[in-house]
Amino acid sequence: MGEAIVVTSGKGGVGKTTTSANIGTALALLGKKVCLVDTDIGLRNLDVVMGLENRIIYDLIDVAEGRCRLNQALVKDKRFDELYMLPAAQTKDKNAVTPEQVKDIVLELKKEYEYIIIDCPAGIEQGFRNAIAGADQAIVVTTPENAAVRDADRIIGLLENSQISSPKLVVNRIRTNMVKTGDMLDIDDVLQVLNIDLLGIVPDDELVIKAANTGEPTVMNPESMAAIAYRNIARRILGDTVPLMLLEQKQGRFKRFKKFFGMG
Amino acid sequence: MTVKSNHVTIKGIKDGLVFLFDDTCEFGALLDELRYKLEHSHQNILTGPIIHVDVKFGMRIVSDEEKEALLDILRQKGNLLIRSVDTPGMITEEDTAKIATMCGMVRSGQVLHHEGNLLFLGDVNPGGTVTCTGDILIMGALRGMAHAGIAGNEEAVIAASYLAPTQLRIAEIISRPPDEWENRETSMEFAFLRDGQMQIDKITNLLRVRPDLNVFKGV
């Protein structure tokens, strides 16, 4: 039996889909059998970020309503043999499926795959309930902003009332220089409020935007700081102890380099 | 005997009668007036088929003997069947002595309500709400909203190890930091009302505001 992990946040635009795509790909990189499930019906994005949009034939709604078999709807990734994606429908809305239907699909996938990463839509309505229905674990994504932290807190409260016991936190889009000047919340501020286990921190990286537009998950590019962060997160999911990335030191090294040339 | 004052109000409800007893007069006056009303002025209304009766004492604190004396008068009327006796005063008396302890975390969107005094071990996050008819004492950070004395008790206080709320309410008074509060130190603090204004002070000064709380005096 595999493990189903839902990636959720409450607030939109904090990087749920990017996180889902990159964690999924990173797990595949580590040789795991992974299936990504997009539950953002009506506003699907995961296929675009993965660069698999043009390969979609059937979607989650088709499976739920019995128009096709589950295997027919799964899209195989172009980079990995063991990475698949179940796309959401773009035509319907969140109410087109019930939590029970999603749960059945996830249960079926768990027989076949080691990790099922479920990309949750923003909000706390039907779409959210669908996404968490089949999940065993949850990853809450937030950015170091008060609004995102507030919504993440709400989501954690809702998750604690569901069957999912202890959600894990990913703090996305950290800008070290802004944290230093005190213009951005730092990790400790976020953790103090949310008070859940930290799974990883991801620095803000322009390469992520570039990667999303080209349909190539960032994690494939080892040059990117964000890629390293996502790979670390994947290793922590597998149970490895990986120390948190030292964002400061990276910059420090760069500064030292600049200093060496008399620029800093 | 004629009773001019009206300490006993008899109200008809859908399925019975409600006896409202004034909670500001002497208890003896209540007994006299009740006896008078049952035997004289309202005699004709109160005889006949069996009627369910709800007894309400308001905020009065009644002892068991007093309560029995009053109920005995009602019981003498065979057709009055006492269905409930509402004595919020007695409940408050018990509750002020006690303090309920709760533990956990009030997250955004969650509401914790308690009747009486509450000791909460944990954090209240922004967007979370704690409401209480009595005092709210928080061992942890109060970053959300706390409303003490929600039923109108202006004596209620709100204390927290880390007091950084989005809003504080005591009884009917609403206050928000920082424009209404003066500069504070970073020790455990509590909020209280003075002349209808929210005030913040160090926890050690709680005694000045609430001398009724148990006081520990070292030897």
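The values are calculated or read from the model by the stated rules, or taken from the named source; none is laboratory data. Given the structure is predicted, the values throughout are model-derived calculations rather than measurements. Every residue, glycine among them, receives a Cβ derived from its backbone with ideal geometry; neighbour counts consider all protein chains shown. The accessibility values were calculated without ligands, DNA or RNA, using every heavy atom of the protein model including side chains. Shrake-Rupley method; radii C 1.70, N 1.55, O 1.52, S 1.80 Å.
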**OP:** Quick one: which residue in B:Asn117, B:Asn125 is polar (S, T, N, Q) and over 21 Å from A:Asn146 (Cβ atoms)?
**Re:** B:Asn117
Subject >> Residue satisfying condition, being in contact (Cβ under 8 Å) with a residue 60 or more places away in the chain and either outside the structural domain of B:Ala151 (by TED's automatic domain parsing) or within 30 Å of B:Ala151 (Cβ to Cβ) (or both), within set B:Leu31, B:Leu17, B:Leu38 >> reply: B:Leu17
**OP:** Confirm whether B:Met198 is more than 14 Å from chain A (Cβ to nearest Cβ) and either in contact with a Ser or Thr (Cβ under 7 Å, 6 or more places away or on another chain) or of a type in the set (Lys, Arg) (or both).
**Re:** yes
Subject >> Candidate set from the range A:21-61 (those that are of a type in the set (Ser, Thr, Tyr) and farther than 16 Å from A:Glu82 by Cα); member that is surrounded by the fewest Cβ atoms within 10 Å (Cβ to Cβ) >> reply: A:Tyr58
Original post:
If A:Asn130 passes every condition in (1) surrounded by fewer than 24 Cβ atoms within 10 Å (Cβ to Cβ); (2) more than 13 Å from chain B (Cβ to nearest Cβ) but one, which one does it miss?
Top reply: (1)
Original post:
Taking the range A:74-115 only, how many residues are open to solvent by 30 Å² or more (accessible area, probe 1.4 Å) and outside any loop (DSSP other than H, G, I, E, B)?
Top reply: 13
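For residues that are in a loop (DSSP other than H, G, I, E, B) and under 12 Å from the mean Cα position of the chain (by Cα), scanning just the range A:14-43, find the one that is farthest from A:Ser224 (Cα to Cα).
We begin by selecting, within the range A:14-43, every residue in a loop (DSSP other than H, G, I, E, B); these are A:14-15, A:30-33, A:39-43.
Imposing the further condition that a residue be under 12 Å from the mean Cα position of the chain (by Cα) reduces the set to A:14-15.
On the way: A:Val14: 19, A:Gly15: 16 Å.
Among them, the one singled out is A:Val14.
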Subject >> Test for A:Val149: is it within 16 Å of A:Leu194 (Cβ to Cβ) and within 14 Å of chain B (Cβ to nearest Cβ) >> reply: yes
Original post:
Quick one: is A:Ala64 open to solvent by less than 10 Å² (accessible area, probe 1.4 Å), small (Gly, Ala, Ser) and out of contact with any Cys (no Cβ under 8 Å at 6 or more places or on another chain)?
Top reply: no
Original post:
So, of the residues in the range A:133-146 that are within 13 Å of chain B (Cβ to nearest Cβ) and at pLDDT below 95, which turns out to be nearest to A:Thr176 (Cα to Cα)?
Top reply: A:Glu145
Original post:
In the range B:122-165, what residues are within 14 Å of chain A (Cβ to nearest Cβ), part of a loop (DSSP other than H, G, I, E, B) and either within 15 Å of B:Ala100 (Cα to Cα) or among the polar types (S, T, N, Q) (or both)?
Top reply: B:Asn125
Subject >> So B:Leu81, is it open to solvent by 40 Å² or more (accessible area, probe 1.4 Å), at pLDDT 80 or above and outside any helix (DSSP H, G or I) >> reply: yes
**OP:** State which residue pairs qualify: first residue within 15 Å of A:Leu29 (Cβ to Cβ) and of a type outside the set (Val, Ile, Thr) and inside the range A:198-226, second residue outside any strand (DSSP E or B) and at pLDDT below 90 in any location, beta carbons under 6 Å apart, and separation of 6 or more residues or different chains.
**Re:** none
